[in-house]
1. Mind listing which trypsin sites (Lys or Arg not before Pro) in the range 199-289 are in a DSSP loop and have 10 or fewer other Cβ atoms within 10 Å?
2. Grab the Cα-Cα distance for residue 80 and residue 248, subtract it from 0.36 nm times how many residues apart they are, and report the gain in nm with one decimal.
3. Subtract the Cα-Cα distance of residue 128 and residue 174 from 0.36 nm times their separation in residues, and report this length gain in nm to one decimal.
4. Quick check on the chain: of the DSSP beta bridges with both residues there, what percent are antiparallel, nearest 5%?
5. Let a ≥ b ≥ c be the square roots of the eigenvalues of the Cα gyration tensor of the range 30-165; is it rounded (a/c under 1.5), or, if not, prolate (a/b larger than b/c) or oblate?
6. Report, to the nearest 10°, how far helix 165-182 tilts away from the longest principal axis of the Cα atoms in the chain, using its own Cα long axis and a range of 0 to 90°.
7. Report the equivalent ellipsoid semi-axes for the chain in whole Å, largest first, defined as the square roots of five times the eigenvalues of the gyration tensor built from alpha carbon atoms.
8. With r defined as the distance between the Cβ atoms of residue 299 and residue 101 and R0 fixed at 51 Å, what FRET efficiency is calculated, to the nearest 0.05?
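Just so it is clear, none of the values below were taken in a lab; they were calculated from the coordinates. Remember, it's a predicted structure, so these values are computed and weren't measured experimentally. Don't worry about glycine lacking a Cβ; one is built from the backbone with ideal geometry, like all the others, and counts go over all protein chains shown.
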Amino acid sequence: MVEYRNVQIKYGDFVAMDHLNLKIEEGEFFTFLGPSGCGKTTTLRALAGFITPSSGEILVDGKVINQEPIEKRGIGIVFQSYALFPSMNVYDNIAFGLRVRKMKPEAVEEQVLMMAEKVSINQKQLYRNVSELSGGQQQRVALARAMVLQPKILCLDEPLSNLDAKLRVGLRRELKRLQKELGITTLYVTHDQEEALTLSDRIAVFNNGVIEQVGTPGEIYSHSATEFVCDFIGDINRLHSHVISEVNQQTGRKFKTDKEAYIRIECMEGKRQSEHDVTLKGRVLEAEYNGMFYKYTFDVAGEQIKSIEKNTGKAAYEVGEEVILFLNPEAIMQF
Ligand SMILES: Nc1ncnc2c1ncn2[C@@H]1O[C@H](COP(=O)(O)OP(=O)(O)OP(=O)(O)O)[C@@H](O)[C@H]1O
Ligand SMILES: [Mg+2]
């Protein structure tokens with residue numbers, strides 16, 4: 001459906017994206033994930049037509065669109081800062097694109113009401129000025145305004161960034177439901193790993209102008225291709241050479257001791273999970289209360305190793321306590 005073929009994008013002499021090769025399937029919810037400044041917005045803007053690649057091709061449905069004007073691309077966009085028309089009410093904002101297309105007023109009304117309902121904007125809010133709405137309501141209007149045009153492709157650049165945690169999660173679910181229901185191919189930009197994992201069919205992890213890995217949330221998380229991806233997508237422990245030696249000794253495996261290895265913090269267990277588990281002696285340095293769980297930091301042979309334990313009403317360990325930790329060698333990642 002969407003394809004980037006060896007695309008390079010420059011701002012003057014500065015190369016913002018290089019060697020960009022990516023294929024996005026029809027109906028897919030595809031996320032660009034990465035830290036600030038890595039080129040996510042740039043990649044999206046090139047597809048929408050706001051920037052022309054300095055080399056390479058962007059294709060939609062097999063057709064090169066590098067020179068196609070923005071309005072002919074059939075792409076709906078919600079920008080990082082949702083640019084609504086501040087002097088219009090909600091209804092007029094959502095109706096705007098339909099009116100530009102010279103749709104009949106009765107049809108416009110039907111479409112606007114249907115879309116407003118989908119994003120949970122009620123009748124009263126529809127005739128209020130957008131400036132009187134909360135940030136979350138405005139983001140919904142921005143979504144409705146883009147989706148009412150039934151674009152082939154929907155580009156969303158951090159559309160939930162200005163919301164509080166609770167609202168974000170709520171709107172995230174709504175967004176996913178809507179996307180499924182309407183079947184719109186969606187390109188979603190975020191630097192929030194949790195958002196990427198929960199929403200996406202597939203994720204591309206960006207780092208400094210290149211893509212480090214493309215895969216399903218499960219692949220990215222459990223089979224990270226690079227150290228950067230592994231570190232960016234979750235909470236990890238770095239295992240130093242003497243811990244790796246200990247693992248090798250107990251398991252007969254041959255992890256490289258001259259290279260760092262990594263393990264996700266939830267793979268460090270306080271209870272034995274299997275007879276193949278490696279045991280490590282540790283001492284509790286720190287307990288961090290998180291509501292749903294505790295995050296512990298241990299001293300293991302002079303190195304700090306973290307784990308999490310579900311909050312069962314009381315702490316699993318006391319600070320200073322000597323403990324045995326269990327580690328599944330299958331969960332070790334080395335690059
Ligand atoms: N108009 C511009 N002119 C020059 N350089 C730019 C321009 N826009 C972006 N850049 C540079 O290109 C790089 C990528 O920017 P981009 O906006 O794509 O990052 P991003 O991944 O979307 O980051 P964020 O998460 O902060 O939005 C950055 O180094 C940025 O400074
Ligand atoms: Mg951006």
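1. Loop-located and lightly packed - 254, 271.
2. 55.7 nm
3. Gain on extension, residue 128 to residue 174, equals 14.3 nm.
4. Roughly 75 percent of the beta bridges in the chain run antiparallel, per DSSP.
5. Oblate shape, in that a/c is at least 1.5 and b/c is the bigger or equal ratio.
6. 60 degrees
7. 45, 25, 15
8. Efficiency at R0 = 51 Å is approximately 0.20.
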